[in-house]
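Encoded as structure tokens, the structure appears first; notes follow it.
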Amino acid sequence: MPSLKDMRVRIAATKATQKITKAMQMVAASKLRRAQATAEAARPYAEQMGKVLGNIARAVGDRSDGPRLLAGTGADNTHLLLVCTAERGLCGPFNSAIVRLARERANTLIAQGKEVKFFCVGRKGYEQLRRQYEKQIIEHIELRAVRTLTFEHAEDIADKILRLLEQHAFDVCTLFFSRFKSVIAQIPTARQVIPLELTGENEPAATAAYEYEPDEDEILAELLPRNLAVQIYRALLENAASFYGAQMTAMDNATRNAGDMIRKQTLSYNRTRQAMITKELIEIISGAEAL
């Protein structure tokens, strides 16, 4: 049975942990508002760009000599999984949910006889994936030193993806991230970015005929690489908002659990202290009666 001193030390340590988790919750809550606003502001631009590219691509039609970002390489043998996670933990199942989705997709592709490669953005995803797929990870980028995400960070990642495509390192690229829905709901999402999955395919065809200046091929050659960077940037922003939401929820639960532990430890301490006092009183009274 622990002594009273050990129990006091344990209570003090739990209170110190509770202060840390409460502070982390407040910091995450303050950063969440800005991250959520930035992520929601980026959605309309990314969605509208997808619709514009879809309209232009349908005007061009299916051509084998089209841009590889749109038509693909003509093969489906090698898949690149671009997995975006956070740099830090203490955020509940946020990172593991994204990695689990990517792992399930990888296992399915491997079972079909496909070759799978990983491009990891974020330290936590890389640490989890390298336990099982260390040899398949061809690139790893950490954004630990980045305090504010900018479009240039997404462009750097997109440039590396395009160089790998030019080197025929893969045929299909799928982006994995967590879409922010609310503080308590973050949805792991997989989106194919190469070849581009067109949006708005079920929309009724436009009755008017459009003439593009410059022509469609020049527009696609300019917009497709930019759209890849936009989709990656949107994924990074969604991840940032989802991370702070998950961390805020996790730290709130940790603070509540610490409070419950403190109450139980305090109750145990008081009972033990009272038992020791009672024992000492009994010994004193028994000694006095013996005299």
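Only the coordinates and a few stated rules stand behind these numbers; no lab work does. Computed from a prediction, not measured in an experiment: that's the story for all the values here. Using ideal geometry, Cβ is built from the backbone for each residue, glycine included, and neighbour counts are taken over all protein chains shown.
May I have the count of lysine pairs in the range 32-250 with C-alpha atoms under 30 Å apart, counting pairs 8 or more residues apart or located on different chains?
The number of close lysine pairs in the range 32-250 is 14.
Using a Cα-Cα cut-off of under 19 Å, which lysines could be cross-linked to K19, ignoring same-chain neighbours fewer than 8 residues away?
Straight-distance partners of K19: K31, K264.
To the nearest whole percent, what portion of all C-alpha pairs in the chain is separated by more than 29 angstrom?
Working: 20958 of 42195 pairs.
Distances greater than 29 Å cover 50 percent of the Cα pairs.
Angle between the Cα long axis of helix 151-166 and the longest principal axis of the chain, 0 to 90 degrees, nearest 10?
Roughly 60 degrees, rounded to the nearest 10.
Which of the peptides 128-134, 114-120 is most tightly packed, and how do the rest follow, going by the mean number of other Cβ atoms within 10 Å of each residue?
Values: 128-134: 14.9, 114-120: 20.3.
By packing density, highest mean first, the sequence is 114-120, 128-134.
Quick one: Cα centre-to-centre distance for the range 275-289 and the range 143-178, in angstrom?
Cα centres, the range 275-289 to the range 143-178: 74 Å.
Taking amide hydrogens as modeled 1.01 Å from N in the peptide plane, which residues meet the under 5 Å criterion relative to Q192, leaving out close sequence neighbours?
Here L175 satisfy the definition.
How many percent of DSSP beta bridges within the chain run antiparallel, rounded to 5? Kindly include the intermediate steps, with their values, before the conclusion.
On the way: 9 of 25 bridges.
In the chain, DSSP labels about 35 percent of beta bridges as antiparallel.
How far is helix 4-60 tilted, in degrees, relative to the longest principal axis of the Cα atoms in the chain, given as a value from 0 to 90 rounded to the nearest 10?
For 4-60 against the chain, the angle is about 10 degrees.
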